[in-house]
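Q: I have a structure here, written as structure tokens, and I will follow up with some questions on it.
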Amino acid sequence: MDGGDVDLAVAEMVRVLTPQVIRDWREHRAGTLDWSCWTTAVHVGHDLLAYAGQVAARPTDAYLPFDLVVRDDAAPRDVLAVVTACGRLLSAAVGAAHPIARGWHWGPTDPGGFAALGVNETLVHTWDISQGLGLGWRPPAAQCAAVLARLFPHAPAGDPVDVLLWCTGRTALPGRPRLTSWVLKAAVDAERTG
């Protein structure tokens, strides 16, 4: 995956949520998360910026010691502008990085991996926010399939949207319960040691 994929995911988030900016996102919980829709959108910007920093600085053993701070009085429209800016920073960092460059994300990660992480965060949290705001939006299947291929190569077969939402602990699949954080951790630990 590359910066163009990040740009597409962020553009989709902005397209879906811009009509909702007149609402108070702090009053709505984002899907099954404990965060409000506002906090979840800020989180997307934070992660996109953090990934851009990792790609640009290429640390080998930790995340850079900085955080995105969005003012408490920022309206939803402003938060989407911050997400757009952070998405463009990630896209630019991925585009400027050599393909063999590595940054740290729980191990060495290449620029395409950070692009995939950014797309994943953007899609699943846009879904969370859309759930909280009562929208019927589903992430684009092609982008979900690309994320699954890159980040979840051992995911079960099925509709890529449903499978990505299952892999990230948001929904159940037929015959497969919704994953919880402890189940996800056990699966990751088994993958690392197996």
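The values are calculated or read from the model by the stated rules, or taken from the named source; none is laboratory data. On a predicted model such as this, the values are computed, not experimentally measured, just so you know. Because the Cβ atoms are built from the backbone with ideal geometry, glycine has one as well, and the counts that use them run over all protein chains shown. Heavy atoms of the whole protein, side chains included, go into the accessibility calculation; ligands, DNA and RNA do not. Shrake-Rupley method; radii C 1.70, N 1.55, O 1.52, S 1.80 Å.
Q: Accessible area, 1.4 Å probe, largest first: how do 180, 168, 60 sort?
A: Working: 180 55, 168 25, 60 120 Å².
If we order 180, 168, 60 from most to least accessible, we get 60, 180, 168.
Q: Related question: If the only charges are +1 at each Lys and Arg Cβ and -1 at each Asp and Glu Cβ, what is the size of the charge dipole of the chain around the Cα centre, to the nearest 20 debye? Let's see the in-between values first.
A: On the way: 16 positive and 20 negative charges, 45 e Å.
Using Cβ point charges on Lys, Arg, Asp and Glu, the chain gives about 220 debye.
Q: Now for a separate question. Please give the per residue accessible area of the chain, computed with a probe of 1.4 Å over protein heavy atoms only, in Å².
A: Numbers: 9760 Å² over 194 residues.
Value for the chain: 50 Å² per residue.
Q: Per the Kirkwood formula on distinct C-alpha pairs, the Rh of the chain is how many angstrom?
A: Details: mean 1/r = 0.0587 Å⁻¹.
Hydrodynamic radius (Kirkwood, Cα pairs) of the chain is 17.0 Å.
Q: Length gain on complete extension for the stretch residue 32 to residue 78, per 0.36 nm per residue less the alpha carbon to alpha carbon distance? Don't skip to the answer; put the middle values down first.
A: Values: separation 46, 0.36 × 46 = 16.56 nm, distance 2.40 nm.
The residue 32-residue 78 span can extend by a further 14.2 nm.
Q: Ok, one more. Apply the Karplus curve 6.51 cos²θ - 1.76 cosθ + 1.60, θ = phi - 60°, to the phi angles in the range 90-102 and return the couplings in whole Hz, x for Gly and Pro.
A: Each residue's phi maps through the Karplus curve to give 5, 4, 5, 5, 5, x, 7, 7, 6, x, 8, 5, 9 Hz.
Q: Just flag the trypsin sites (Lys or Arg not before Pro) in the range 18-96 sitting in loop per DSSP whose Cβ has no more than 11 other Cβ atoms within 10 Å.
A: On the way: sites: 23, 26, 29, 71, 77, 88; in loops: 23, 71.
Qualifying residues, ordered by number: 71.
Q: Ranked by accessible surface with a 1.4 Å probe, highest first, in what order do 114, 66 come? Could you put the intermediate results ahead of the total?
A: Numbers: 114 0, 66 80 Å².
The ranking, largest first, comes out as 66, 114.
Q: Once the Cβ-Cβ distance between residue 138 and residue 104 is put in as r, and R0 is 41 Å, what FRET efficiency do you end up with, to the nearest 0.05?
A: Details: r = 32 Å, r/R0 = 0.78.
Result of the calculation: an efficiency of 0.80.
Q: Could you tell me what percent of the accessible area of the chain is made up of carbon and sulfur, with a 1.4 Å probe and every protein chain present?
A: C and S fraction of accessible area: 58 percent.
Q: Next question, about the same structure. Which value, in Å² and to the nearest 10, is the accessible area of residue 43 when all protein chains are kept and the probe is 1.4 Å?
A: Roughly 40 Å² of residue 43 is accessible to a 1.4 Å probe.
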